[in-house]
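Structure first, then comments.
The values are calculated or read from the model by the stated rules, or taken from the named source; none is laboratory data. Computed from a predicted structure; not experimentally measured. We place every Cβ from the backbone using ideal geometry, glycine too, and count neighbours over all the protein chains shown. Just the protein is used for accessible areas: all its heavy atoms, side chains included, with ligands, DNA and RNA removed. Shrake-Rupley method; radii C 1.70, N 1.55, O 1.52, S 1.80 Å.
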Amino acid sequence: MIFARHDILEEIIVSKYAEEINKRRTFAIISHPDAGKTTLTEKFLLYGGAINLAGSVKGKATARHAVSDWMEIEKERGISVTSSVLQFQYDGYCINILDTPGHQDFSEDTYRTLMAADSAVMVIDASKGVEAQTRKLFKVCVMRKIPIFTFINKMDRDANDTFELLDEIEKELGIATCPMNWPIGCGKNFKGVYDRKENCVITYSDTEKGTKEGETQKIHLDEEEKLLQYIGEEQKQTLTDEIELLDGASAEFDLDKVQKGDLTPVFFGSALTNFGVEIFLKYFLEMTTTPLPRKSDIGMIDPVENDFSAFVFKIQANMNKAHRDRIAFMRICSGKFEANMEVKHVQGNKVMRLSQPQQIMASERKILDEAYAGDIIGVFDPGIFSIGDTLCMPKSQFKYEGIPTFAPEHFARVRQLDTMKRKQFVKGITQIAQEGAIQIFQEYNTGMEEIIVGVVGVLQFDVLKYRLENEYNVEIKLENLPYEHIRWITSKEIDLDHINGTSDMKKVKDLKGNPLLLFVNAWSVGMTLERNKGLELSEFGKE
């Protein structure tokens, strides 16, 4: 009888876990810079009641800034340079948004963030179509095989031909499109969208920036007189013709294909004027999945049937001046997390209590008592976590698949201007490197006296300089180096001192002491391999 009661209790607990986990939706927002990604994010928060007034990254006349842009450099430049995590409740769902940098120089941070998402929202500027960074980020989504939902933004401005936009998405990104709604005009002639599922027109109304959606009305396609009154004869005829063409030519909606990443549902609207945002959000929540099982070295880990586990996908120091600390961001992959519970840090082989677990809303923090699979939590990091680390229950023993390191493409030698601030300099540059934004290398056979920084995009150099000055009170000078190719040495039997390289080759080591070679020219890599029998080189860093 006691056993039966215990089993029933366990069933109730698992049922409660399942209920909470099934409410979760965790997605990333990706786009080329200026497509309106941050604006769309803020409008989602507005509908969820997480904020009362959206900020604007553009207007210098206002002191407000986008909620998701919390770094001082982001506020000054009006761009996102680091991912933010935002959580809000809407219509019975608990939504975790991962807002990513749009600029290509920060694509490594975006890649890591996509590792923590179950789906992605791709924002495209209606007047520009598929842009360079959209292609790059899309490829990352394809590698992860995650569902992609498309929001074609800025319909309140002049836009490209709608059919051409869809054709471009299909040709450039290699994914089938299924428009869920259809725009009626654009720019000054933008009248709203036709909802294909409901067979009605949703009228467009401009609103004051930063407020919720204005007054819209639904006009069923059968209400001809009312429709003519609103959109006119010409636009009604165009809409009728386009609907007919759509029904015959576009891909049919297939949720299975969407969830496999083979078909993208497409929506049209204007994030700035709040039109089409809530329509998109409602459809998106119906179509996207609950937290998905995740791959580990012992197989797939189910979010409901397994106890707590998580992995670190981001580390950020000095998130604001009131909190001079390091936060490790973790995606909970399974089970329930409770404050003060004992967990195992697998890579460190250490059982520990996670200090002050927090829900993060950009730079705002709230101490958590509990969280579930799908949630993102921030925990204080005393310097023990690395990106890709796994946490699980003390009796468990598995690792989630690692997060690959991008090979840097630009290098510079770093010199501090005030040698008396050596301690702050080493601390600052090491902490920023541990976040994954930059990689630092030392000259082979020397200590930290000579530091070389490698970055994926040159704008990271500006961020490094800015952050060292503003967060660590250290001024630096960067001297650009000609190296463009980096290779980790993976062979164990090679004597590094006797490698017969080319004149443009440089020997360095990374933070973990792993030996690397830098080259100016690509042909030098092949030449060095030819000259050194048994030498093995890799473009990817060791975990």
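Taking all protein chains as shown and a probe of 1.4 angstrom, Phe380 keeps an accessible surface of around 80 Å².
Of Lys37/Lys171; Lys16/Lys257; Lys366/Lys465; Lys128/Lys171; Lys23/Lys282; Lys492/Lys533, which sit over 20 Å apart, Cα to Cα? Violating the 20 Å Cα-Cα cut-off are Lys37/Lys171; Lys16/Lys257; Lys366/Lys465. Relative to its Kirkwood radius, the Cα radius of gyration of the stretch 457-506 gives an Rg/Rh of 1.16. When Glu224, Glu252 are compared by accessible surface with a 1.4 Å probe, the order from highest to lowest is Glu252, Glu224.
Excluding His220 itself, what net charge comes from residues whose Cβ is under 15 Å from its Cβ, given Lys and Arg +1 and Asp and Glu -1? Can you show the working numbers first?
Values: positive: Arg196, Lys197, Lys218, Lys226, Lys236; negative: Asp195, Glu198, Asp222, Glu223, Glu224, Glu225.
Net local charge, His220 excluded: -1.
The accessible surface of the stretch 365-450, taken with every protein chain in place and a 1.4 Å probe, is 52 percent carbon and sulfur. Here the Kirkwood formula, the inverse mean of 1/r across different C-alpha pairs, assigns the stretch 340-470 a hydrodynamic radius of 17.4 Å. Around the amide H of Phe149, modelled in the peptide plane, lie the amide H atoms of Ala120, Val121, Met122, all under 5 Å away and 5 or more residues distant in sequence or on another chain.
Of the trypsin sites (Lys or Arg not before Pro) found in the stretch 372-434, those in coil by DSSP whose Cβ has at most 15 other Cβ atoms within 10 Å are Lys395. Accessible surface of Glu19, taken over heavy atoms with a 1.4 Å probe and every protein chain present, rounds to 100 Å². Extension gain for Phe380 to Asp91 (0.36 nm times residue separation, less C-alpha to C-alpha distance): 100.9 nm. Of Asp158, Asp418, Asp195, the residue with the largest accessible area leads and the full order is Asp158, Asp418, Asp195 (1.4 Å probe). In the stretch 240-279, the inverse of the mean reciprocal separation of distinct Cα atoms equals 12.2 Å; this is its Kirkwood hydrodynamic radius.
Computed with a 1.4 Å probe over protein heavy atoms only, the accessible surface of the stretch 348-477 comes to 45 Å² per residue.
Ligands, DNA and RNA excluded, the heavy atoms of His220 present near 60 Å² of accessible surface to a 1.4 Å solvent probe.
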